[in-house]
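Enquirer: Take this structure first; my questions come after.
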């Protein structure tokens, strides 16, 4: 059994890591979305 403080700290670290992963996924998603829209615009532009 770990002391309460250590357990709490471990839980905080886990939550922080999960938040980092979540933010990375959000950033990657918006980058992908932007690239996709950008390519669509380029396609329309060159199609004319």
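The values are calculated or read from the model by the stated rules, or taken from the named source; none is laboratory data. As the structure is a computational prediction, the values presented were derived from the model and not from experiment. For neighbour counting, all protein chains shown are included, and Cβ atoms are generated from backbone atoms with ideal geometry for every residue, glycine included.
Enquirer: Between residues in the stretch 16-30 that are surrounded by 10 or more Cβ atoms within 10 Å (Cβ to Cβ) and residues that are modelled with pLDDT under 95, which pairs lie under 7 Å by C-beta distance while being six or more apart or on different chains?
Expert: none
Enquirer: Against the condition free of Cβ contacts under 8 Å to residues at least 24 places away in the same chain and surrounded by 10 or more Cβ atoms within 10 Å (Cβ to Cβ), how does residue 40 come out, does it pass?
Expert: Spelling it out, residue 40 is indeed free of Cβ contacts under 8 Å to residues at least 24 places away in the same chain and surrounded by 10 or more Cβ atoms within 10 Å (Cβ to Cβ).
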